[in-house]
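Following: one structure in structure tokens, then a few remarks.
The values are calculated or read from the model by the stated rules, or taken from the named source; none is laboratory data. Model, not experiment: these values are computed from the prediction. Here the Cβ positions follow ideal geometry from the backbone for every residue, glycine too, while neighbour counts run over all protein chains shown.
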Amino acid sequence: MGVIGLTGGIASGKTLVSDHMRKFDVDVIDGDVITHDLYAPGSEILKEIAGVFGEKYILADGNLDRTALREQVFSDMKNKESLERIVHPIIRREIMKALLQSEKDHQLLVLPLLIEGGYQCWCDELWLLRVDKKCQVDRLIRRDGITRKLAEEMIASQMPFDKKRRFADRIIDNRGSREKTLYQAEKSFFRFLKKFY
């Protein structure tokens, strides 16, 4: 059993690569999907967020007001740290559970904060996506419907690419076409398989 860690800044193309890797019978364990499920109305995380940040961040239907919380968190580092103290231990527990329960030979662990969270020690190899900041900003605005200012704050809050690259076994350059990016991912995967066969 081998675990590949896939990371990169927000809106760097992790979903593009991870969706493609499913065709190779890889079990994709996506931290964003796990996190989204953990934010269900009435969940442990939402109760703790309401206790720390206030009920105003919980909508009438019980869901989290993600836009309002993002604006609060990314404008103040102390708030970001408070949120991380709530969510990271719970997410870590659920990711470990997903890895242990996987029945596939290989897993792709997809996390934007893989390095920052120390998850690289769980991986046999680490892939890092490279993308231009302008592209990240434009994707975030289009995808999440947020302001340019908030998009730039979200990107600035993450470890820069140049610091992440020293942890990476493979760099996948997502500054070109979709086809070129996926070709690099496939090539990286076949090289990874040589470690086991």
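With among the acidic types (Asp, Glu) and at pLDDT below 95 as the only criterion, which of 27, 76, 19 stands out? Full working, then the answer.
Numbers: 27 fails: at pLDDT below 95; 19 fails: at pLDDT below 95.
Only one candidate passes the filter, namely 76.
Of the residues that sit in region 135-178 and are basic (Lys, Arg), farther than 18 Å from residue 114 by Cβ and under 17 Å from the mean Cα position of the chain (by Cα), which one is surrounded by the fewest Cβ atoms within 10 Å (Cβ to Cβ)?
So in region 135-178, the residues basic (Lys, Arg) come out as 139, 142-143, 148-149, 163-166, 170, 175, 178.
Narrowing further to those that are farther than 18 Å from residue 114 by Cβ: 139, 142-143, 148-149, 175, 178.
From what's left, under 17 Å from the mean Cα position of the chain (by Cα): 139, 143.
Values: 139: 16, 143: 12.
The qualifying residue surrounded by the fewest Cβ atoms within 10 Å (Cβ to Cβ) is 143.
Within region 36-56, identify whether any single residue is crowded, with 19+ Cβ neighbours inside 10 Å and touching a strand residue (DSSP E or B) at 6+ places or on another chain (Cβ under 8 Å), and answer yes or no. Yes, some residue in region 36-56 is crowded, with 19+ Cβ neighbours inside 10 Å and touching a strand residue (DSSP E or B) at 6+ places or on another chain (Cβ under 8 Å). You will find that of 82, 75, 12, 43, the residue that is under 30 Å from residue 191 (Cβ atoms) and polar (S, T, N, Q) is 12 and no other. Of all residues in region 58-69, those satisfying the criterion of being surrounded by fewer than 17 Cβ atoms within 10 Å (Cβ to Cβ) and assigned to a helix (DSSP H, G or I) are 66, 67, 68.
Selection of region 1-31 for residues being in contact with a His (Cβ under 8 Å, 6 or more places away or on another chain), assigned to a loop (DSSP other than H, G, I, E, B) and crowded, with 19+ Cβ neighbours inside 10 Å yields only 26.
Taken over region 89-114, the residue count meeting the criterion of being closer than 25 Å to residue 178 by Cα and of a type in the set (A, V, I, L, M) is 6.
Of all positions in region 89-107, at least one carries a residue that is touching a residue at least 24 places away in the same chain (Cβ under 8 Å), in contact with a strand residue (DSSP E or B) (Cβ under 8 Å, 6 or more places away or on another chain), more than 16 Å from residue 31 (Cα to Cα) and not charged (D, E, K, R). Residues in region 102-121 that are part of a helix (DSSP H, G or I) and within 15 Å of the chain's Cα centre (by Cα): 119, 120.
So, in region 86-115, of the ones that are more than 23 Å from residue 48 (Cα to Cα) and not aliphatic (A, V, I, L, M), which residue ends up surrounded by the most Cβ atoms within 10 Å (Cβ to Cβ)? Top of the filtered list is 107.
Being part of a loop (DSSP other than H, G, I, E, B), closer than 21 Å to residue 139 by Cβ and touching a residue at least 60 places away in the same chain (Cβ under 8 Å) is the filter here; which residues of region 169-197 pass it? Of everything in region 169-197, just one residue is part of a loop (DSSP other than H, G, I, E, B), closer than 21 Å to residue 139 by Cβ and touching a residue at least 60 places away in the same chain (Cβ under 8 Å), namely 174.
On inspection, residue 45 passes the criterion of being at pLDDT below 95 and assigned to a helix (DSSP H, G or I).
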